[in-house]
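Scroll down for the structure; my scribbles are underneath it.
The values are calculated or read from the model by the stated rules, or taken from the named source; none is laboratory data. Keep in mind that this is a model prediction, so the values were computed, not measured. As a convention, Cβ positions derive from the backbone with ideal geometry for all residues, glycine included, and neighbour counts pool all protein chains shown.
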Amino acid sequence: MTPRRSLPTQDDVLGYFDTLSNWGRWGDDDERGTLNHITDDVRLAAARAVRHGRSVSCAWEVTVPAEMERSTTVCPCAAEMPGAEHMPPAFHADRRWGFSNERLGLMFHGNTITHVDSPCHLFWDGATYNGRSHSLVGAETGSAWAAVTAAANGIVTRGVLLDVAAVRDVPWLEPGQGVFPGDIEEAERRQGVRVRAGDAVLLRTGHGRARHEAAAPGGLAQAGWHASCLPWLRDREVALIGADTPQDVQPSGYAGVLMPVHAVGLVAMGLWLLDNCDLEACAATAAELGQWDFQLAVAPVRFAGTSGSPVNPIATF
């Protein structure tokens, strides 16, 4: 295991809400948070990371019916569909085409579906990113502040995959094992890549492999980012982090901050999170090509007022 630096105390982590805060950094009306690190030049540099033209998905398939409510309408002949009597006469004459249609419902936050968290997803002491009140989130209308629509133009930047399971020479990290700054710097060294401003950093703990092999245990314990990585992420001006788990190592080790990466990241830093990725194909492709950076494209659905969106992140090498 990579040697750890001195771990922050609980008081240190609580202090991160102030010392790592980006409130006001990009103006008092900013809702984009760390996505501001993705400049035009960063996007151009991300395009130059495409050297082979190969694309892979970093998302899990959403299963039916376990993760999604689904109602499907199948109409072999469209002229017989409900409401067809209101269609023009020519519609009734054409009886060769039919269609299927779906009504879908899902809860994408959680530990299984690949999704992005926008800053309004979490509150701390009643506030969300940039000091706005939680009262801006309503049950009927959703959030009027820092919702996923702040990323309506998509998130396109350079992605860097850091394979910490490989650093530790294990198939996957066990639940409760945290990833520390020393681990990610060792991954950089081994892989010959360095995280820079505006990057999206994807953390492979190997949990995706465990899921594929049906070896992933249930329960709330999980591997993931340790709170000690938060200053590192701010210093490197990372725009987005992802993981093959829901980000935070659980238990976090801090009774007063159960999910510090979520809480400090979203509320104080405005750091967008990409939860529950499947990074196995991405890691295999990176190892095959000897290339650990790529263009990453994440396009949230423009759900008005929502705290995130299911997504299919695409890495193009």
Go through L266, L296 for me and flag whichever is of a type outside the set (S, T, N, Q), farther than 14 Å from L122 by Cα, outside any loop (DSSP other than H, G, I, E, B) and modelled with pLDDT of 95 or more. L296
Of all residues making up the range 130-156, the number that are surrounded by 17 or more Cβ atoms within 10 Å (Cβ to Cβ) and under 17 Å from S309 (Cβ atoms): 12
Name, by its number, the condition in (1) assigned to a strand (DSSP E or B); (2) free of Cβ contacts under 8 Å to residues at least 60 places away in the same chain; (3) not acidic (D, E) that does not hold for L258. (1)
Six or more apart or on different chains, Cβ atoms under 7 Å: show the pairs whose first residue is in the range 179-193 and in contact (Cβ under 8 Å) with a residue 24 or more places away in the chain and part of a helix (DSSP H, G or I) and whose second is of a type in the set (S, T, Y) and crowded, with 17+ Cβ neighbours inside 10 Å. P181/S228
Can you find a residue in the range 37-44 that is touching a strand residue (DSSP E or B) at 6+ places or on another chain (Cβ under 7 Å), surrounded by 12 or more Cβ atoms within 10 Å (Cβ to Cβ) and free of Cβ contacts under 8 Å to residues at least 24 places away in the same chain? no
When you scan the range 47-136 for strands (runs of 3 or more DSSP E) that lie fully inside it, which ones turn up with 2 or more residues that are more than 30 Å from D30 (Cα to Cα) and at pLDDT 85 or above? 55-57, 69-75, 99-105
Yes or no: D41 among the charged types (D, E, K, R), more than 22 Å from R236 (Cβ to Cβ) and at pLDDT 95 or above? no
Would you please list the contacts, defined by Cβ atoms under 9 Å and residues six or more apart or on different chains, that run from a residue in the range 109-135 that is of a type in the set (A, V, I, L, M, F, W, C) to a residue that is in a strand (DSSP E or B) and surrounded by fewer than 19 Cβ atoms within 10 Å (Cβ to Cβ)? C120/G142; F123/S133; A127/S133
